[in-house]
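Everything on this sheet refers to the single structure shown next.
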Amino acid sequence: MRPENLKTKIFLDSGDTEETKKALEILGFLDGQTTNPSLIAKTPEAQERLAKGDKFSHEEINDYYRGVVTELARLIPEGSISVEVYSDSDSLTDEMFEQAKEMHAWIPDNAYIKYPTTAEGLKAAAKSVEVKIPVNMTLCFSQEQAAAIYSATKSAGIGKVYCSPFIGRLDDRGENGMELIENILKMYSLEDGHVEVLTASVRNLNHHLDALSLGSDIITAPFKVLKEWAELGMVIPDGEFQYKSNDLSPIPYKEIDINSNWTSFDIQHDLTDVGMEKFTADWKSLLK
């Protein structure tokens, strides 16, 4: 069951409902689940259809995605379920916002709509929080992007916005992604707290334990990492925990006024662009 001293919310990062059931069994709880086009493309049912050469129509893939998140909401009735809009480099605010309204209606008590941390995504997020649709800003790779998320969504209620820094992808190119988590937590702690930091792209137990040690509001991790944590007794690291950065390059903290207009921040990041391309390719791989 949930450790008494655990303050961080624990999400499963998966599109597979069978993994959700297994995670609930080994942990005894889940606070939510994050999905994205790549995870949906990897589900056993989707892979089985692809292996037969039976791709989805646009209507079928929407129905399939709705079925997955509806089942997740049934399995985690009090949980937060992140559902991602389709977006590429040409996607406009209104297109994403219309998708968001439809997806939110699938599971209105649980849905957090995922938008990319781009100019169009931030505009869509601002519109969403105005109509009480919670959002999860994904593919965040810089403190400036996190500042823009905070500024663009100031009309949201506490806990209705997530900022999802993708730490593993920063590690992949030699940067210490966990320092970005530390920097964003520090920056946000100085203000009203309406945005929660969701540590994402967790690759290993070391990431997971450090995020717990830093006090990340939320961690989303793949099943294998949650399983390792369960086998470790769901330990909560104390202040003596030492993160093994393996000589990754530091990401220095920046003094940023997050109450400035979000358009004043430099939100362009090549990893955000690459991430959107990957999600788009995985989504298109399912379509006829």
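There is at least one residue in the range 134-151 that is crowded, with 19+ Cβ neighbours inside 10 Å and free of Cβ contacts under 8 Å to residues at least 40 places away in the same chain.
So residue 120 passes all but one of these: (1) within 30 Å of residue 264 (Cβ to Cβ); (2) in a loop (DSSP other than H, G, I, E, B); (3) in contact (Cβ under 8 Å) with a residue 12 or more places away in the chain. Which condition number does it fail? Of (1) within 30 Å of residue 264 (Cβ to Cβ); (2) in a loop (DSSP other than H, G, I, E, B); (3) in contact (Cβ under 8 Å) with a residue 12 or more places away in the chain, only one is false for residue 120: (2).
Can you name the residue in the range 34-77 that is β-branched (Val, Ile, Thr) and over 20 Å from residue 277 (Cβ atoms) and, of all such residues, is surrounded by the fewest Cβ atoms within 10 Å (Cβ to Cβ)?
As a first pass, look at the range 34-77 and keep what is β-branched (Val, Ile, Thr): 34-35, 40, 43, 61, 68-70, 76.
Next cut, over 20 Å from residue 277 (Cβ atoms) only: 43, 68-70, 76.
Values: 43: 21, 68: 25, 69: 22, 70: 15, 76: 21.
The residue in question is 70.
Please verify whether residue 173 is basic (Lys, Arg), surrounded by 13 or more Cβ atoms within 10 Å (Cβ to Cβ) and closer than 30 Å to residue 90 by Cβ, treating the condition exactly as stated. In short, no. Only residues that are under 22 Å from residue 282 (Cβ atoms), among the small types (Gly, Ala, Ser) and crowded, with 20+ Cβ neighbours inside 10 Å were counted in the range 78-130, giving 7. Checking each residue in the range 236-275 for being acidic (Asp, Glu), touching a residue at least 24 places away in the same chain (Cβ under 8 Å) and in a helix (DSSP H, G or I) picks out only 273.
If you check every pair at least six apart or on different chains, which have Cβ atoms under 8 Å apart with a residue in the range 2-13 that is hydroxyl-bearing (Ser, Thr, Tyr) first and a residue that is modelled with pLDDT of 95 or more and surrounded by 19 or more Cβ atoms within 10 Å (Cβ to Cβ) second? So the pair list comes out as 8/211; 8/212; 8/216; 8/217; 8/218; 8/219. If you go through the range 123-141 and keep only what is within 19 Å of residue 90 (Cα to Cα) and within 15 Å of the chain's Cα centre (by Cα), you end up with 125, 137, 138, 139, 140.
In the list 185, 190, which residue meets the criterion of being among the hydrophobic types (A, V, I, L, M, F, W, C) and modelled with pLDDT of 95 or more?
Details: 190 fails: modelled with pLDDT of 95 or more.
From the options 185, 190, the qualifying one is 185.
Residue by residue, here is whether (1) on the phi < 0 side of the Ramachandran plot; (2) aliphatic (A, V, I, L, M); (3) within 22 Å of the chain's Cα centre (by Cα) holds:
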position: 233; (1), (2), (3): no, no, no
position: 240; (1), (2), (3): yes, no, no
position: 250; (1), (2), (3): yes, no, no
position: 258; (1), (2), (3): yes, yes, yes
position: 263; (1), (2), (3): yes, no, no
position: 272; (1), (2), (3): yes, no, yes
position: 288; (1), (2), (3): yes, no, no
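Just one of the numbered conditions (1) more than 25 Å from residue 266 (Cβ to Cβ); (2) in a helix (DSSP H, G or I); (3) free of Cβ contacts under 8 Å to residues at least 40 places away in the same chain is not true of residue 97: (1). Checking each residue of the range 224-246 against the condition of being modelled with pLDDT of 95 or more, under 30 Å from residue 126 (Cβ atoms) and crowded, with 19+ Cβ neighbours inside 10 Å gives no match.
The values are calculated or read from the model by the stated rules, or taken from the named source; none is laboratory data. Just so you know, these numbers come straight off a predicted model, no measurement behind them. Backbone-built Cβ (ideal geometry, glycine too); neighbour counts: all protein chains shown.
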